[in-house]
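Inspection log for the structure reproduced underneath, given as structure tokens.
The values are calculated or read from the model by the stated rules, or taken from the named source; none is laboratory data. The structure presented is a predicted model; accordingly, all values stated were derived computationally and were not measured. Heads up, the Cβs are rebuilt from the backbone with ideal geometry, glycines too, and the neighbour counts pull from every protein chain shown.
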């Protein structure tokens, strides 16, 4: 388990659905992750900045600015940083193929791991029927989701005062809802079908805020999760092995070890 001064180096890190500019963004947790990790490559797999929310109301605390600065600093120090835009930061798609501050913007890309396996890296909203064909409904859903995240923040403030670790109410409710489970299954199938079409070994995506890694009939489906509900990242070890890090659990374990010391 990582201590305060320990830094773990990976070949590659994937982060998505940070949603900077929203009150639900767990920026402080992400800053802790960035403090304890380094990598040769960093993929930002969409919805890094929430343009939808910022158009409605401006919210940009110092911690959100610190996240941006830390990412840009990594790019300056030699980390290959690639941004694959999502639907909430779709404005970046107008700049595909360009580079800003050392960050390269791509519609999607193929990542070759150390073990030779190839993965399609894509946000995934292109395979969400609601976002693609009924965007107005997606905006309505986003407003309801924003309220749920506000409630999630309030619940966790109380939990912190009582000494309990971070827990996502929104993720719990989502995973208990039958329709949400069916949607996730359809989404995973659509992404793995696209990976087969492109003749790669797997797909790495975000969008649905549900970290997952599993084999689907010979194609590896990986969702790196988010930094609103699950606080997860995908990492590639130096030998090509992929692992989902659940950072809230790591922080909770570190805190418990300190308390026991």
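Values computed for the structure shown
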{"item": "Matching option when the condition is part of a strand (DSSP E or B) and in contact with a helix residue (DSSP H, G or I) (Cβ under 8 Å, 6 or more places away or on another chain), among 203, 235, 228, 251", "result": "203"}
{"item": "Residue among 119, 59 that alone is surrounded by 14 or more Cβ atoms within 10 Å (Cβ to Cβ), out of contact with any helix residue (DSSP H, G or I) (no Cβ under 6 Å at 6 or more places or on another chain) and not in a loop (DSSP other than H, G, I, E, B)", "result": "119"}
{"item": "Number of the exception - residue 197 against (1) out of contact with any helix residue (DSSP H, G or I) (no Cβ under 9 Å at 6 or more places or on another chain); (2) farther than 19 Å from residue 111 by Cα", "result": "(2)"}
{"item": "Whichever residue in the stretch 48-84 is under 30 Å from residue 110 (Cβ atoms) and free of Cβ contacts under 8 Å to residues at least 24 places away in the same chain and, among such residues, is nearest to the chain's Cα centre (by Cα)", "result": "69"}
{"item": "Test for residue 71: is it buried (at least 19 other Cβ atoms within 10 Å of the Cβ) and assigned to a helix (DSSP H, G or I)", "result": "yes"}
{"item": "Leading residue by the ranking (farthest from residue 46 (Cα to Cα)) among those in the stretch 214-225 that are out of contact with any helix residue (DSSP H, G or I) (no Cβ under 7 Å at 6 or more places or on another chain) and surrounded by 14 or more Cβ atoms within 10 Å (Cβ to Cβ)", "result": "220"}
{"item": "Any pair with Cβ under 7 angstrom, 6 or more apart, that starts in the stretch 234-261 at a residue that is over 27 Å from residue 117 (Cβ atoms) and ends at one that is outside any helix (DSSP H, G or I) and at pLDDT below 90", "result": "248/165; 248/166; 252/165; 253/1; 254/1; 254/2; 257/1"}
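Yes/no matrix, rows are residues, columns are (1) without any contact (Cβ under 8 Å) to a residue 24 or more places away in the chain; (2) surrounded by fewer than 19 Cβ atoms within 10 Å (Cβ to Cβ); (3) at positive phi:
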site: 9; (1), (2), (3): no, yes, no
site: 22; (1), (2), (3): no, no, no
site: 26; (1), (2), (3): no, no, no
site: 46; (1), (2), (3): no, no, yes
